[in-house]
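Worksheet: one structure, shown below.
Just so you know, all these numbers are worked out from the coordinates, no wet-lab data involved. This is a predicted model, so every value here is computed, not measured. Every residue, glycine among them, receives a Cβ derived from its backbone with ideal geometry; neighbour counts consider all protein chains shown.
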């Protein structure tokens with residue numbers, strides 16, 4: 001749709017470095033003015049070619065697997081907070097050199113692996129479930145009554161288990177500052193008897209402080225108050241979406257234009273199931289540059305992917321001009337929780353990865369080939 005993208009390979013994720021720095025500067029203001037620390041959650045953004053910029057503002061990463069922890073140590077440095085719903089016995093010794101803080105999802109996991117972690121000099125924590133209802137979509141809500149994530153308040157013993165130094169809480173998803181306030185209130189109400197004995201508290205992710213209209217000052221005041229009430233605690237946040245929120249598009253091309261059952265269909269070289277799974281999972285409607293709601297403009301198309309999955313449909317969008325074979329379609333805000341979730345289902349190529357540097361030049365960081373697909377299989 002726009003000639004500025006015509007020289008890019010297609011499909012392609014394009015990170016806008018200027019936007020990333022603007023996000024990081026805002027996030028740094030939050031940590032500087034609130035007294036808390038903010039680290040990078042690799043589950044949301046793991047584009048390690050951008051880590052040199054991120055390191056200017058953030059001191060470490062959160063990881064949820066061996067691969068993420070190793071990526072953090074190899075390409076980011078700093079300290080690593082490790083949490084997984086369950087650790088494998090064979091892998092756990094390999095995790096120990098990669099993290100400074102390790103959180104356990106259950107008392108049974110702590111009993112099984114805590115001794116090894118403490119002996120290795122790691123600071124250990126427990127993930128808890130504050131049972132607040134801040135996330136409307138069940139798929140992304142970690143706090144419902146049957147959630148496997150964290151220890152519920154009724155299971156919290158009167159005394160913190162010996163050897164535990166931290167509390168890990170993750171209860172939000174792209175939430176506002178008011179939700180962070182309610183989260184902290186729930187933590188103090190339900191687990192406050194543990195806080196005096198601890199050294200740190202990780203408030204997890206979902207704090208979408210870089211979204212337009214977010215009450216940043218309110219968040220700062222909430223966090224500052226929490227720090228002041230518990231001055232002995234190191235308060236940590238690990239936002240996933242906020243780091244790379246609105247930092248660049250996914251550029252696609254039109255492969256075919258057909259009509260079926262009275263519907264105009266544009267087949268693209270990007271796939272909902274392989275490249276933007278949240279469109280199907282959440283569900284979530286991607287924003288398309290120069291595109292609107294179906295019927296709102298003269299030409300409406302059902303944008304679809306190239307895989308053989310019948311439901312590989314991105315959505316119905318209207319345009320002022322008809323789409324053309326080979327023309328570009330630009331999906332906005334596709335850097336966070338996209339590259340980290342992609343698959344090569346059906347052998348569909350992974351989109352290329354590019355950065356528009358702050359000086360304006362575009363660098364193609366990586367293009368993917370058959371060899372990348374073959375190496376994933378046996």
Mean projected area (nm²) from the convex hull of Cα positions in the stretch 123-281 is 12.7 nm²
Starting from the Kirkwood radius over alpha-carbon pairs of the stretch 101-208, derive D by Stokes-Einstein at 37 °C in a medium of 0.692 mPa s and give it in µm² s⁻¹.
232 µm²/s
Please identify which residues in the stretch 288-323 have an amide N closer than 14 Å to a label point set 7 Å out from the Cα of residue 257, following the Cα→Cβ vector.
298-303, 318-323
I'd like the FRET efficiency for residue 345 and residue 88, computed as 1/(1 + (r/R0)^6) with the beta carbon distance as r and R0 of 25 Å, rounded to 0.05.
0.45
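I want to verify the translational diffusion coefficient of the stretch 4-103 in µm²/s; compute it with Stokes-Einstein, Rh as the Kirkwood radius over Cα pairs, at 37 °C and 0.692 mPa s. Could the numbers behind the result be given before it?
Working: Rh = 15.0 Å.
Value of D from the Cα-based Kirkwood radius: 219 µm²/s.
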With N set to the residue count of the stretch 323-366, report its C-alpha Rg divided by 2.2 N^0.38 Å to two decimal places.
1.40
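For the residues 200, 245, what sequence is obtained by ranking on other C-beta atoms within 10 Å, fewest first? Intermediate results must be reported in sequence, preceding the final value.
Values: 200 19, 245 25.
The order, fewest Cβ neighbours first, is 200, 245.
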Work out, in µm²/s and without decimals, the Stokes-Einstein translational diffusion coefficient of the stretch 223-348 at 10 °C, 1.306 mPa s, Rh from Kirkwood over C-alpha pairs.
97 µm²/s
If you line up the long axis of helix 177-191 against the longest principal axis of the chain, both from Cα atoms, how many degrees apart are they, to the nearest 10?
30 degrees
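Once you have a ≥ b ≥ c as the square roots of the Cα gyration tensor eigenvalues for the stretch 278-378, tell me rounded if a/c is under 1.5, and otherwise prolate or oblate according to whether a/b is larger than b/c. Write down the numbers at each step before the final one.
Working: a/c = 1.94, a/b = 1.32, b/c = 1.47.
Judged from the Cα gyration tensor, the stretch 278-378 comes out oblate (a/c at least 1.5, b/c at or above a/b).
Add -39500 (n - 2.57) for each DSSP H run of 4 or more in the chain, then divide by its residues: what number comes out at 222 nm, to the nearest 500 deg cm²/dmol? Intermediate results must be reported in sequence, preceding the final value.
On the way: 11 runs with 92 residues, N = 378.
After summing the helix terms and dividing by residue count, I get -6500 deg cm²/dmol.
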With each pseudo-label sitting 7 Å past Cα toward Cβ, what's the residue 7-residue 147 distance in nm, one decimal?
4.7 nm
For the stretch 40-93, Rg(Cα) over 2.2 N^0.38 Å is 1.13
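Given an 8 Å cut-off on Cα distances and at least 6 residues of separation, report the relative contact order of the stretch 18-244 as a percent. It would help to have the intermediate numbers written out before the result.
Details: 443 pairs, mean separation 52.0, N = 227.
Computed value for the stretch 18-244: 23 percent relative contact order.
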Bin by bin, in steps of 5 Å, what percent of the Cα pairs in the stretch 164-248 do you find, going until the bin that has the longest distance?
3, 15, 26, 26, 15, 9, 4, 2, 0
Using only Cα atoms, what is the ratio of the radius of gyration of the chain to 2.2 N^0.38 Å?
1.06
